[in-house]
Amino acid sequence: MLRSMFSAISGLRAHQTKLDVAGNNIANVNTVGFKGSQTVFEDTLSQVLRNGSAPNGAVAGTNPAQVGLGVKVAGITTNFGQGSTQNTGRASDFMISGDGFFITEQGNQQLYTRAGSFDLDGVGNLVTPDGATLQGWMADPNGVVDSNGPLKALKITQGQVLSPVATTGATVSGNLSAGAVATDAPVTSQVTMYDALGNAHQVQATMTKTAVANQWTLALTENGTALGTPATQTLTFNGSGANTGELTTSGTDPLAGPITDANGKKVVAFTPNATTYPSWAGPVTLDLSALNQFGGVSTAAAKQNEKSGSALGTLQSYSLSNDGTIVGLYSNGLRQSIGQLALASFTNPGGLEKAGNSSYRAGDNSGNPLVGAAGTGGRGTLSAGALEMSNVDLAEEFTGLIVAQRGFQANSRVITTSDEILQDLVQLKR
């Protein structure tokens with residue numbers, strides 16, 4: 001008679017746990033990055049009243065007679081499904097679309113979280129609301145990120161300086177009119193270049209038609225003075241045949257053929273005058289691969305190659321790309337990588353242990369963290385200005401509350417009924 005009471009007591013405990021889990025899920029319905037949990041039940045051992053027997057000749061087999069001894073909580077599993085997106089517009093809010101966890105460090109403990117709400121602390125570290133630092137790889141002074149290096153705290157220092165770079169390359173592209181004659185006005189184009197101190201120089205590229213057919217000269221000057229040596233470069237174009245209009249020779253020697261760099265581009269070089277430009281030591285190489293001589297008007301123009309030279313820059317703002325790279329925008333107009341967020345994935349994320357503050361720590365059954373960049377190794381991609389909200393489904397949780405309540409009530413009724421039967425048994429002596 002007492003078996004039913006003890007079974008019902010185990011049912012009360014199990015359904016109380018189910019209510020606790022549902023209550024926690026509902027409490028965290030608006031928690032950023034929260035993952036809901038589900039309660040799984042299983043029956044306990046059963047008492048065998050009669051063993052089963054196998055068929056033996058003319059005697060048929062019998063099944064065992066067993067009475068269960070109640071229920072227990074088999075496990076509480078976490079649903080790591082994707083939560084909904086909430087746009088915030090904050091540059092330091094990041095969201096993972098797909099698998100993976102942000103890596104944070106607090107003290108000497110490495111933690112993992114899906115909550116991407118970060119802020120900058122007093123020294124520029126990206127930190128969680130409880131003070132854990134976001135981990136990743138910082139870029140070197142040239143903006144190169146080594147994702148195979150050790151993890152470090154990501155830091156964004158407002159107003160950090162990007163050193164000036166002397167101009168080393170420019171491009172001259174477009175058309176030089178095949179109908180031009182030596183008496184025509186030169187074709188000019190102005191381009192801003194920089195010395196190693198970041199001083200801007202307004203350099204004029206002048207292309208002048210010579211008396212020789214299909215031949216031009218190219219000069220770089222500032223305020224009418226030659227930038228350096230040589231003062232001019234000679235350009236000769238093919239006037240007929242299959243390669244009509246293409247540059248055939250360049251440089252001071254018209255028989256030398258086109259000078260090409262390691263990438264096969266047709267180039268000429270000017271070395272700035274050391275006396276006039278003491279902080280501009282290296283040559284300026286002009287890429288002429290896209291310069292041609294065809295009929296029509298002259299459209300040739302020069303421009304400095306991207307990142308070839310720049311003035312001093314200070315960090316104005318930053319943005320996040322889908323692979324987790326934090327790109328800084330500087331006052332000189334350049335964009336350069338500051339660092340890159342690292343993501344961790346696990347073979348069994350359900351084995352992670354909850355560490356509070358919306359964080360997890362690696363557990364015995366989670367497997368080791370597989371660290372890498374977003375979008376690689378099965379890890380998800382990143383979005384800035386958005387947060388992943390809780391994946392708790394209120395309709396499902398309310399339904400679960402009803403189920404747990406009815407289960408609790410039913411087990412309570414079993415205890416009440418068993419008690420009434422025991423009371424009848426006690427009264428038999430009267």
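Straightening the chain between Ala185 and Asn348 buys 51.3 nm, computed as 0.36 nm per residue apart minus the Cα-Cα spacing. Against the main long axis of the alpha-carbon atoms of the chain, helix 394-426 sits at an angle near 20°.
Counting only the backbone N, which residues of the range 123-165 are under 16 Å from the spot 7 Å out from the Cα of Ala355 toward its beta-carbon? Zone members listed by number: 127-136, 151-154.
Angle of helix 2-27 to the longest C-alpha principal axis of the chain, folded into 0 to 90 degrees and rounded to 10: 20°. Of the residues Gly11, Gly377, Ser53, the one whose Cα sits farthest towards the positive end of the charge dipole of the chain is Ser53 (charges of +1 on Lys and Arg Cβ, -1 on Asp and Glu Cβ, taken about the Cα centre). Using a Cα distance threshold of under 20 Å, what count of lysine pairs results for the chain when pairs must be 8 or more residues apart or interchain? Value for the chain: 9.
How high is the FRET efficiency from Glu42 to Arg406, r the C-beta distance, R0 22 Å, rounded to 0.05? Efficiency at R0 = 22 Å is approximately 0.70.
Measuring r between the beta carbons of Leu428 and Gln106 and using R0 = 56 Å, the FRET efficiency lands at 0.25.
Which value in nm describes the separation of the simple spin-label points at Ala60 and Ala211, placed 7 Å from the Cα toward the beta carbon? Going from the Ala60 label point to the Ala211 one covers 12.4 nm. The reciprocal of the average 1/r between distinct C-alpha atoms defines the Kirkwood hydrodynamic radius, which for the chain equals 28.7 Å.
Averaging Cα coordinates gives a centre for the range 172-196 and one for the range 380-430; these two points are 83 Å apart.
The alpha carbon radius of gyration of the range 1-154, expressed as a multiple of 2.2 N^0.38 Å, is 1.78.
Each Lys and Arg adds +1 at its Cβ and each Asp and Glu adds -1 at its Cβ; summed about the Cα centre, the chain shows a dipole of about 1040 debye.
A full extension of the chain between Ile421 and Lys152 corresponds to an added length of 90.0 nm, given 0.36 nm per residue minus the alpha carbon distance.
Calculate the FRET efficiency for Ala281 and Leu334 from the Cβ-Cβ distance with a Förster distance of 25 Å, rounded to the nearest 0.05. About 0.70, to the nearest 0.05. Three principal axis extents describe the C-alpha atoms of the range 279-430; from largest down they are 124, 38, 28 Å. The mean sequence separation of alpha-carbon pairs under 8 Å and at least six residues apart, normalised by the residue count of the range 294-411, gives a relative contact order of 19 percent. With contacts taken as Cα pairs under 8 Å and at least 6 residues apart, the chain reaches a relative contact order of 23 percent.
Where a number appears in this text, it was derived from the coordinates with a stated rule and is not lab data. Values in this document were obtained by computation on a predicted structure and should not be read as measured data. Cβ atoms come from the backbone with ideal geometry, glycine included; neighbour counts cover every protein chain shown.
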